[in-house]
Amino acid sequence: MELTEGLLTRRTIHTFTDEPVDPSIIEKAIHCAVHAPNHKMTEPWHFYAITGKTKERLAKRRSQLKIEKFIDQDSERAKKAKEQAYNFMAELPWVIAVTAHRYSVDPVREKEDYAAASCAIQNFMLAAWDEGVGTKWATDQLVKDKKAREIINPGEEEEIIGFLFMGYPKEIPKLKSRHEQDCMSWLD
């Protein structure tokens, strides 16, 4: 796939097949991710490829966080939301947790490294897309959850900045219009 084609056709995938994703595709995506721009070559990112028992534990935690949002947790609606949250993650071939290095004493560097890790995520997603594998970048409450952090067990200096849900798309959403004219100013 040509780079521009990949940039313009990549979509956030919301439904996935149960077809397995070969780990070599993740390795290729990581290879592309680590070539993202990063100030002072800090390489502030870390990717955790999650499957099996760890994914099961994370799916259970995600479903618990989902039901906690409901006032009436015994309602059918709450129970269904909990089940859907669990099934979505449990049925994925892979979940990728992404962290960025934290610098409590240098907020400028921390911001630069967060931006660099975000660029690495984009590279990862595009490389996966090139192989026909879709992703969804989630930054929901799981990112800041202490129990989810314990499951992933990143280093103390690492901040979880997102989860990439990964698999072959069941459906590819249509292109949504973008406001290209509104985001650019030409100055002379």
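Values as computed for the structure displayed
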{"item": "Any hit, the stretch 99-109, residues being crowded, with 17+ Cβ neighbours inside 10 Å, in a strand (DSSP E or B) and of a type in the set (A, V, I, L, M)", "result": "yes"}
{"item": "Enumerated helices (runs of 4 or more DSSP H) restricted to the stretch 1-91, each holding at least 2 residues that are over 22 Å from Q122 (Cβ atoms)", "result": "52-67, 76-90"}
{"item": "Residue match in the stretch 39-47 (condition: open to solvent by less than 80 Å² (accessible area, probe 1.4 Å), at positive phi and out of contact with any His (no Cβ under 6 Å at 6 or more places or on another chain))", "result": "no"}
{"item": "Scope the stretch 128-162; condition assigned to a helix (DSSP H, G or I) and within 21 Å of T15 (Cβ to Cβ); matching residues", "result": "A128, W129, D130, L142"}
{"item": "Qualifying positions in the stretch 163-172 - assigned to a loop (DSSP other than H, G, I, E, B) and either of a type outside the set (S, T, Y) or within 24 Å of S104 (Cα to Cα) (or both)", "result": "K170, E171, I172"}
{"item": "Enumeration of residues in the stretch 56-83 that are open to solvent by less than 100 Å² (accessible area, probe 1.4 Å) and of a type in the set (D, E)", "result": "E56, E68, D72"}
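Here's the yes/no breakdown for (1) at pLDDT 95 or above; (2) closer than 20 Å to D22 by Cβ:
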| residue | (1), (2) |
| --- | --- |
| E83 | yes, no |
| N87 | yes, no |
| L92 | yes, yes |
| R102 | no, no |
| V105 | no, no |
| R109 | no, no |
| Y114 | yes, no |
| I121 | yes, no |
| L126 | yes, yes |
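The values are calculated or read from the model by the stated rules, or taken from the named source; none is laboratory data. Model, not experiment: these values are computed from the prediction. Every residue, glycine as well, gets a Cβ built from its backbone with ideal geometry; the counts of neighbours run over all protein chains shown. Side chains included, ligands, DNA and RNA excluded: accessible areas come from the protein's heavy atoms. Shrake-Rupley method; radii C 1.70, N 1.55, O 1.52, S 1.80 Å.
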